[in-house]
Amino acid sequence: MPVLFPLFAVLIWAGNTVVSKAAAQVLDPAAISFYRWLIALLVLTPFALRAFWLQRQAIRPHLGRFAVLALLGMVLYQCLTYYAAHDTTATNMGVICALMPLLGLLLNGLIFRQRVGQAALLGVAFSLTGVLYLLGQGNPVSLLASSINRGDVLMLIGTSAYALYGILLKRWSPPFGAWLNLYVQVMLAMLVLTPLALTANSLAIPSQGIPLVLFASVAASVVAPYFWMRGITHLGSERTTIFMNLLPLFTALIASATLGETIQTYHWIGGGLILLGVSLTQGDAIGKLWARRPQTA
């Protein structure tokens, strides 16, 4: 069944959010960021190196854009996620990740002047209310008297970076196929992550950290993207993207089962408002695409 491809991808990414939280107890954020993409690079090399070498001259003019994508998607987003995990819960991280489609809509409007429909604006209002309710732990007014959790702020910045990554990836559409595009980005990301790794307090991987690194580097960085791309092939990007709405639910359930995190009432209410807002914005976008479809007699 084609729907299983994006479903498994989102399940793996939800698991990786929990892994990020668990890794905060045993690994330096700079260290796991480095090892995650180093191992992913080693896994991808046997399958992508020959294609990269054959197309190296064609790839050269696109290196600037590839570098921007690598910085946004693999350095900023992933690194900030690991740093955020030190100060917030996996459940909060999953809920904030659910904002990604909405942030993409806002960034598209601000940067590229793409018109935002009324349904989407209503979705923004619902999601913003949900975010404030979540960050205020059920009392948004308390945010005026106290600072917002540092981890939640880092997660918001990282999610915004990845939303911009998705916009630019779609607009630029590097013409080399999904796997080669990913491979070039990972190589460029390693150029930034290598000096960053030198700032880590320790690069040692304790025994309990080995499965966490392997899950992040293989399952979340190679297997999940493969499932996601297969989902887009069979279902289309719009229908596939809707599955991301399951990320906070899967994350909360996995975090509750493995980390003992308690799902509070404000998680359900705040997360529900965010997902309602995201659903409205996605429905508005899909409606516009449907309206622009070629008419047949």
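The values are calculated or read from the model by the stated rules, or taken from the named source; none is laboratory data. Worth saying up front: this structure is predicted, and the values here are computed from it rather than measured. As a convention, Cβ positions derive from the backbone with ideal geometry for all residues, glycine included, and neighbour counts pool all protein chains shown.
Whether any residue in the range 138-156 is more than 26 Å from Ser279 (Cβ to Cβ) and charged (D, E, K, R) is what I want to check.
yes
Looking at the range 277-291, can you tell me whether even one residue there is touching a Ser or Thr at 6+ places or on another chain (Cβ under 8 Å), at pLDDT 75 or above and among the hydrophobic types (A, V, I, L, M, F, W, C)?
Taking every residue of the range 277-291 in turn, none turns out to be touching a Ser or Thr at 6+ places or on another chain (Cβ under 8 Å), at pLDDT 75 or above and among the hydrophobic types (A, V, I, L, M, F, W, C).
State whether the residues of the range 233-252 include one that is touching a helix residue (DSSP H, G or I) at 6+ places or on another chain (Cβ under 7 Å), part of a helix (DSSP H, G or I), surrounded by fewer than 19 Cβ atoms within 10 Å (Cβ to Cβ) and at pLDDT 80 or above.
Yes.
Would you pick out the residues in the range 173-229 that are under 18 Å from Leu69 (Cα atoms) and β-branched (Val, Ile, Thr)?
Once the filter is applied, which keeps residues that are under 18 Å from Leu69 (Cα atoms) and β-branched (Val, Ile, Thr), the range 173-229 yields Val184, Val186, Val192, Thr194, Val222.
Go over the candidates Thr159, Thr194 one by one and state the one that is of a type in the set (S, T, N, Q) and closer than 24 Å to Leu49 by Cα. Show your work before the answer.
Details: Thr159 fails: closer than 24 Å to Leu49 by Cα.
None of the other options fit; the residue is Thr194.
For the range 122-137, how many residues meet the condition of being of a type in the set (Val, Ile, Thr) and surrounded by fewer than 21 Cβ atoms within 10 Å (Cβ to Cβ)?
Residues of the range 122-137 that are of a type in the set (Val, Ile, Thr), as a first pass: 124, 129, 131.
Subsequent filtering for residues that are surrounded by fewer than 21 Cβ atoms within 10 Å (Cβ to Cβ) retains 124, 129.
Of the residues in the range 122-137, 2 are of a type in the set (Val, Ile, Thr) and surrounded by fewer than 21 Cβ atoms within 10 Å (Cβ to Cβ).
I want to confirm something. Restricting to the range 145-192 and keeping residues that are of a type in the set (Phe, Trp, Tyr) and more than 22 Å from Ala85 (Cβ to Cβ), which single residue is surrounded by the most Cβ atoms within 10 Å (Cβ to Cβ)?
Selected residue: Tyr183.
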